[in-house]
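Notes to accompany the following structure.
The values are calculated or read from the model by the stated rules, or taken from the named source; none is laboratory data. Bear in mind the structure is a predicted one, so any value in this text is a computation, not a measurement. All Cβ positions, glycine included, derive from the backbone under ideal geometry; neighbour counts span all protein chains shown. The protein model used for the area step is the full one, side chains on, heavy atoms only, and it has no ligands, DNA or RNA in it. Shrake-Rupley method; radii C 1.70, N 1.55, O 1.52, S 1.80 Å.
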Amino acid sequence: MTTTTPTATQEAPQAPHEDVEHVDVLIVGAGVSGIGAAHSLRERFPDRSFVLLDTQDARGGTWWTHRYPGVRSDSDLFTYGYRHKPWRGPSIAAGGEILAYLDEVIEEDGLAPHIRYRHRVTAASWSSEDARWTVEVSREDAGGTVRMTTDFLWMCQGYYNHAEPYRPDWPGLDAYAGLLVHPQSWPEDLDVTGKRVVVIGSGSTAATLIPAIAQDAAHVTMLQRSPSYFLAPPLTHELAVTLRALDIPEDWTHEILRRAYSAQFNELARLSHEAPDELHAFLMESVKPLLPEGFDVDKHLTPRYRPWQQRIAIVPEGDLFAALREGRASIVTDTIETFTEKGIRLASGEELEADVVVTATGFDLSAFGDVAFTVDGERVEFPERVTWRGVMISGVPNMAYVFGYFRHSWTLRVDLVCDLVTRVFERMRERGARSVVPELRPEDAGMQIRPWSDPENFNAGYVLRSQHLLFKQGDREPWIHMLEHAEEAEALPKADLDDGSLVYR
């Protein structure tokens with residue numbers, strides 16, 4: 001078995017900082033969430049100093065680390081784009097187009113001087129006496145460490161463990177003589193032309209990757225343990241085509257399409273709860289005309305779970321199904337018995353020979369980038385804490401985080417969270433408070449504590465595998481999270497910041 005990783009971009013070494021640097025707000029992460037947080041600070045608190053730290057070589061988060069062929073959004077860019085920044089491209093965009101969009105935001109907001117790459121936050125310690133955080137940072141660009149202090153810590157690093165993607169420990173891996181690749185570590189020089197490729201997995205990554213490599217590979221097999229739901233929308237919404245043909249201003253087009261897509265996915269979310277059988281029938285019927293004649297839909301495309309208990313995989317223009325119709329790709333639904341020298345032997349006894357095996361098996365989650373948090377010398381055990389509106393954590397002062405939606409575009413929630421956090425900043429200023437911390441109220445005594453994610457609501461493997469690492473939620477506002485966008489678009493702007501759940505000091 002051979003595994004490989006891409007070549008990372010190298011930066012010129014810099015001299016380590018000798019003095020402790022202080023900023024008003026320290027943002028961890030320079031992806032979609034961190035850039036959105038920085039924009040909101042620029043817009044609403046231009047007098048506050050801030051820095052963004054990121055462990056990667058460049059901006060973009062997932063869009064920088066994921067470089068496999070065909071990588072693209074599985075949400076429309078009118079809602080995945082920021083509210084303030086019109087999207088001018090197709091509804092579904094490639095990773096490079098999204099990075100270019102983020103570059104425009106960085107340039108327009110003048111954020112580049114505030115971003116420091118290859119800076120990994122390893123520890124954060126809060127002092128109530130000083131009302132500030134002390135943060136330890138590993139300088140992976142120049143070596144050594146640096147210490148920073150900040151009045152407010154804004155965690156925008158996302159939730160994936162990018163360093164260690166999930167891969168099951170299959171029997172016989174050492175016997176396999178071909179190339180084993182995880183999509184997050186796609187080699188820049190990998191050429192699959194004329195090769196037999198097996199992609200393990202049935203989610204968005206597999207559905208994106210397969211059409212891209214099937215053009216050149218001898219054949220691509222999607223090996224899945226169980227099917228996923230698929231939706232095959234057009235690459236560009238017909239309304240966007242109409243509006244652009246009428247020379248409608250881009251900011252109008254952006255807002256109109258943003259509302260149209262939000263309404264569409266709000267309806268899908270509603271049906272998933274209220275009429276799951278109806279939604280299942282709709283999803284099945286929408287893909288059947290795109291499949292090869294005689295395709296076994298029940299075996300290969302009928303999931304075992306309710307629609308949207310896991311994310312629906314987007315295949316624009318049905319490109320995955322086109323590869324199936326043309327015979328360039330196929331789907332096998334079975335379980336792996338063992339790897340062999342030439343490929344994979346399945347429980348059915350069939351052996352799939354493969355020159356390349358791609359493990360599109362997902363990720364594990366990470367609680368706040370695995371940073372070691374302490375408050376007044378006591379370690380913060382996040383599984384013992386509860387969330388405040390999916391934005392702050394009980395007992396952790398002056399710290400907010402950004403976590404997007406599972407079913408909707410991530411950035412829809414970035415905008416809502418930024419609005420709420422800057423409202424908290426304003427309330428602190430009005431009160432003359434140096435700190436704010438969520439704390440359970442007397443009426444919350446005896447509140448039922450629930451898992452980070454209810455499996456009846458969302459049961460993707462990467463969520464269930466990581467529940468033990470993550471904080472909890474309660475059974476009432478403001479100690480619940482993972483609401484649908486339609487609910488939060490109403491609730492978060494009206495959130496009461498003086499209901500006793502936030503303590504200002």
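Within segment 171-182, the set of residues being open to solvent by less than 30 Å² (accessible area, probe 1.4 Å), in a loop (DSSP other than H, G, I, E, B) and closer than 25 Å to Leu464 by Cβ comprises just one member, His182. With Thr253, Thr205 as the choices, which residue is outside any loop (DSSP other than H, G, I, E, B) and open to solvent by 30 Å² or more (accessible area, probe 1.4 Å)? Just one listed residue meets the conditions, Thr205.
Scanning segment 326-355 for residues that are of a type outside the set (A, V, I, L, M, F, W, C), open to solvent by less than 50 Å² (accessible area, probe 1.4 Å) and farther than 22 Å from Leu301 by Cα yields a total of 3. Glu384 passes every criterion in (1) open to solvent by 20 Å² or more (accessible area, probe 1.4 Å); (2) on the phi > 0 side of the Ramachandran plot; (3) not β-branched (Val, Ile, Thr) apart from (2).
Of all residues in segment 407-415, none satisfies being in a strand (DSSP E or B) and either among the acidic types (Asp, Glu) or surrounded by fewer than 19 Cβ atoms within 10 Å (Cβ to Cβ) (or both). Selection over segment 364-378 of residues that are among the aromatic types (Phe, Trp, Tyr) and open to solvent by 20 Å² or more (accessible area, probe 1.4 Å) gives a count of 0. Inspect segment 471-482 for any residue being among the polar types (S, T, N, Q), open to solvent by less than 40 Å² (accessible area, probe 1.4 Å) and in contact with a helix residue (DSSP H, G or I) (Cβ under 9 Å, 6 or more places away or on another chain) and give the result as yes or no. No, that holds for no residue. Answer yes if at least one residue in segment 459-470 is open to solvent by 20 Å² or more (accessible area, probe 1.4 Å), in a helix (DSSP H, G or I), farther than 28 Å from Asp364 by Cβ and not acidic (Asp, Glu), and no otherwise. The answer is no, given that none of the residues of segment 459-470 is open to solvent by 20 Å² or more (accessible area, probe 1.4 Å), in a helix (DSSP H, G or I), farther than 28 Å from Asp364 by Cβ and not acidic (Asp, Glu). Within segment 215-226, being surrounded by fewer than 19 Cβ atoms within 10 Å (Cβ to Cβ) and of a type outside the set (A, V, I, L, M, F, W, C) holds for Gln215, Asp216, His219, Arg225, Ser226.
In segment 300-325, the qualifying residues are those that are open to solvent by 50 Å² or more (accessible area, probe 1.4 Å) and without any contact (Cβ under 8 Å) to a residue 40 or more places away in the chain, and the one that is farthest from the chain's Cα centre (by Cα) is Arg325. Filtering segment 42-94 to residues that are among the acidic types (Asp, Glu), open to solvent by 30 Å² or more (accessible area, probe 1.4 Å) and in contact with a strand residue (DSSP E or B) (Cβ under 6 Å, 6 or more places away or on another chain) leaves only Asp74.
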